[in-house]
Amino acid sequence: MFVFETHIRVRYAETDQMGYMYYGNYAAFYEVARTEMLRSLGLTYSSMEKDGIMLPVAELKTKYLKPALYDENIKIKVSICQKPAVRIIFNYELFNEKNQLINIGETTLVFFDMAKNKPCLPPISFLEKMDIFFD
């Protein structure tokens, strides 16, 4: 299993009139955490795309437990619990500044060969970096 943590502060533009983060912005927080997780391994979406591989989101699940509030520094814990194959599943836990769990989520992404226009296995370089977490 691979686990990574990052932090994002809730900006005013991401909130509603009550000061709660708008529900649609949680998916954007997931994306930031996912991108930073990959970057921590030396991987980027842009490098995979240059190699002809995209990672579109196939499924998104989210459960709201408590609101994220304006100006809070939100901790996002993202994990990969299963060795990636054609699909890769990311799990998210968001915590407020009191370390209370406020949101859980999951996204399923698919490795997609841009030239063949169909799903594919992850690049070998990606799998090599993931192997150490899944013995």
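Scan the stretch 13-36 and report the pairs whose first residue is surrounded by fewer than 16 Cβ atoms within 10 Å (Cβ to Cβ) and whose second residue is at pLDDT 95 or above and in a loop (DSSP other than H, G, I, E, B), with Cβ atoms within less than 8 Å and a gap of 6+ or a chain change.
Qualifying pairs under 8 Å: 16/22; 18/67; 19/70.
Report the residue count in the stretch 14-52 for those that are assigned to a helix (DSSP H, G or I) and either over 19 Å from residue 67 (Cα atoms) or at pLDDT below 95 (or both).
Total satisfying the criteria: 13.
Could you check the stretch 62-83 and list, in sequence order, the residues that are within 23 Å of residue 18 (Cβ to Cβ) and either modelled with pLDDT under 95 or part of a strand (DSSP E or B) (or both)?
62, 63, 64, 69, 73, 74, 75, 76
Please list, ordered by first then second residue, the pairs with beta carbon atoms under 7 Å, 6 or more apart or interchain, first in the stretch 85-105 and at positive phi, second surrounded by fewer than 13 Cβ atoms within 10 Å (Cβ to Cβ).
No pair meets every condition.
Which of (1) at pLDDT 95 or above; (2) exposed (fewer than 14 other Cβ atoms within 10 Å of the Cβ); (3) farther than 19 Å from residue 5 by Cα is the odd one out, the single condition residue 55 does not satisfy?
Every condition holds for residue 55 apart from (2).
For the stretch 84-107, indicate whether the set of residues that are aromatic (Phe, Trp, Tyr), part of a loop (DSSP other than H, G, I, E, B) and at pLDDT 95 or above is non-empty.
Taking every residue of the stretch 84-107 in turn, none turns out to be aromatic (Phe, Trp, Tyr), part of a loop (DSSP other than H, G, I, E, B) and at pLDDT 95 or above.
Inspect all residues belonging to the stretch 115-131 and state whether any of them is of a type in the set (Val, Ile, Thr), out of contact with any Pro (no Cβ under 7 Å at 6 or more places or on another chain), farther than 23 Å from residue 9 by Cβ and not in a strand (DSSP E or B).
yes
With (1) more than 18 Å from the chain's Cα centre (by Cα); (2) modelled with pLDDT under 95 as the list, and residue 130 as the residue in question, which single condition is left unmet?
Only one criterion is unmet by residue 130, namely (1).
The values are calculated or read from the model by the stated rules, or taken from the named source; none is laboratory data. This structure is a prediction, so every number in the text was calculated from the model and none was measured. Quick reminder, even Gly has a Cβ in these numbers, built from the backbone with ideal geometry, and neighbours come from all protein chains shown.
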